[in-house]
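A short reminder: the numbers here are calculations on the coordinates, not readings from a lab. Note that the coordinates shown come from a computational prediction; the quantities given were computed from them, not determined experimentally. Note that we place each Cβ from the backbone using ideal geometry, even for glycine, and neighbour counts take in every protein chain shown.
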Amino acid sequence: MMKQFNQFTKSLLSRHPTGDACKTSSAMKTRIQKPRPTRQAEPSLNAWEHLAIHRLVQSSAHDLWVKKGEPADTALEIWVEAERAVIAEFIRLRQNPPE
């Protein structure tokens with residue numbers, strides 16, 4: 001496997017342009033800057049909210065499955081439907097909290 005990888009790498013490198021076409025101009029060098037480290041955004045959900053949403057989705061998916069007559073081979077579709085509904089409600093409540 002490693003031998004095949006090395007051969008593949010060599011073939012790619014042999015086709016790579018060399019010389020002037022590959023060199024970077026001094027004007028381009030001055031424009032390129034290293035990315036600055038950014039502060040990571042705080043998570044939008046804490047662990048308890050995530051767990052609560054998961055449990056609501058689980059319960060909602062089961063209710064939908066029973067409501068639809070317990071059809072076989074529909075677990076993923078029903079889960080996604082329940083997940084969309086629960087997350088949409090969560091987002092709505094977060095944007096407009098009840099007073």
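Can you say whether Ile53 is out of contact with any strand residue (DSSP E or B) (no Cβ under 7 Å at 6 or more places or on another chain) and loosely packed, with under 12 Cβ neighbours inside 10 Å, as far as the supplied structure shows?
Working: out of contact with any strand residue (DSSP E or B) (no Cβ under 7 Å at 6 or more places or on another chain): yes; loosely packed, with under 12 Cβ neighbours inside 10 Å: no.
Considered against the rule, which asks whether it is out of contact with any strand residue (DSSP E or B) (no Cβ under 7 Å at 6 or more places or on another chain) and loosely packed, with under 12 Cβ neighbours inside 10 Å, Ile53 comes out as no.
So which residues in segment 67-83 are part of a helix (DSSP H, G or I) and surrounded by 12 or more Cβ atoms within 10 Å (Cβ to Cβ), if there are any at all? Give the derivation first.
Taking segment 67-83 and keeping what is part of a helix (DSSP H, G or I), we get 67, 75-83.
Hits for segment 67-83 are Glu77, Ile78, Trp79, Val80, Glu81, Ala82, Glu83.
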